[in-house]
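Presented below is the structure to which this report refers.
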Amino acid sequence: MDVIALINKAKGYLLNIIIIILAVIIASNNYKAKVKNMDLLKDKLSTELKRNEVIQDISNLEKRFALLKNSINSKAISLIIDSLSNMAKSSDVKIVLIKPYNEKRQNIYTVFPFELVVYAKSYHEIGNFISMIENSPDIYIVGNIVMTSNPKEEEDKVITKLVLDTILIN
């Protein structure tokens, strides 16, 4: 009986060992699956964080664009005239005529052309005035210039006709 009891006892231990080994294998496989799932979630989190950064950058760029668009579009005819008058005064040029033309609508912007006639004592003053126009923070495009000289006059020796365009974003 001792041998049979020992065999039965060994069977019980063997069965327990097999169950423990199976439990360890199942737990190990379950752990590996959870680690793999955790890695996938970490990758997904990283991707989502990068996506959020891109969305935030786009949002910031949209805000900057709106501000720039508003600053460009803040031009009214009176502001354009004031701006040109200030530039003319600082370059010793007299504005004789400002004549607006019909606007030209494009897809994303509108061009507002106008004619400007100015008098000056010298070509140098006209050059300074045009330089100030082109360096203005507002968008002005000098399209055409016609300069004539009037040597008989003391004050207004140079008569200049300019065609300027200013732009608004639609």
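What follows draws every value from the coordinates through simple rules; no lab data is involved. Everything numeric here is computed off the predicted structure, so don't read it as measured data. Methodologically, a virtual Cβ is constructed for each residue, glycine included, from the backbone with ideal geometry; neighbour enumeration extends over all protein chains shown.
Quick notes
- Converting phi to 3J(HN,Hα) with the Karplus coefficients 6.51, -1.76 and 1.60 and the offset θ = phi - 60°, segment 129-143 yields 4, 5, 4, 5, 4, 5, 8, 5, x, 6, 8, 10, 10, 7, x Hz in sequence order, with x at every glycine or proline.
- Inverse mean reciprocal Cα-Cα distance (Kirkwood Rh) of the chain, Å: 23.0
- Cross-link reach list, lysines versus Lys36, counting only Cα pairs under 19 Å and skipping chain neighbours closer than eight places: Lys44
- Phi-derived couplings, Karplus 6.51 cos²θ - 1.76 cosθ + 1.60 at θ = phi - 60°, listed residue by residue for segment 21-27: 5, 4, 5, 5, 5, 4, 5 Hz, with x used for Gly and Pro.
- Equivalent ellipsoid dimensions for segment 75-169 as semi-axes, Å, which come from the Cα gyration tensor, largest first: 25, 13, 11
- Dividing the mean sequence gap of close Cα pairs (under 8 Å, 6+ apart) by how many residues segment 78-170 holds gives a relative contact order of 31 percent.
- The longest part of the chain holding none of the exposed loop GluC sites (Glu not before Pro), meaning those outside H, G, I, E and B in DSSP with at most 14 other Cβ atoms within 10 Å, is 1-102.
- For segment 80-139, the list of chymotrypsin sites (Phe, Trp or Tyr not before Pro) that fall in a loop by DSSP and count at most 15 other C-beta atoms within 10 angstrom reads Tyr101.
- Environment charge at Lys44 (Cβ cut-off 14 Å; Lys +1, Arg +1, Asp -1, Glu -1): +1
- Here the relative contact order of the chain, from alpha carbon pairs under 8 Å that lie six or more residues apart, stands at 19 percent.
- Candidates Ile130, Ile25, Ile58: whichever shows maximal mean-square fluctuation once the chain is modelled as a Gaussian network with Cα springs under 10 Å: Ile25
- Remark: the Ile95-Ile20 segment gains 17.0 nm on full extension, using 0.36 nm per residue and subtracting the alpha carbon distance.
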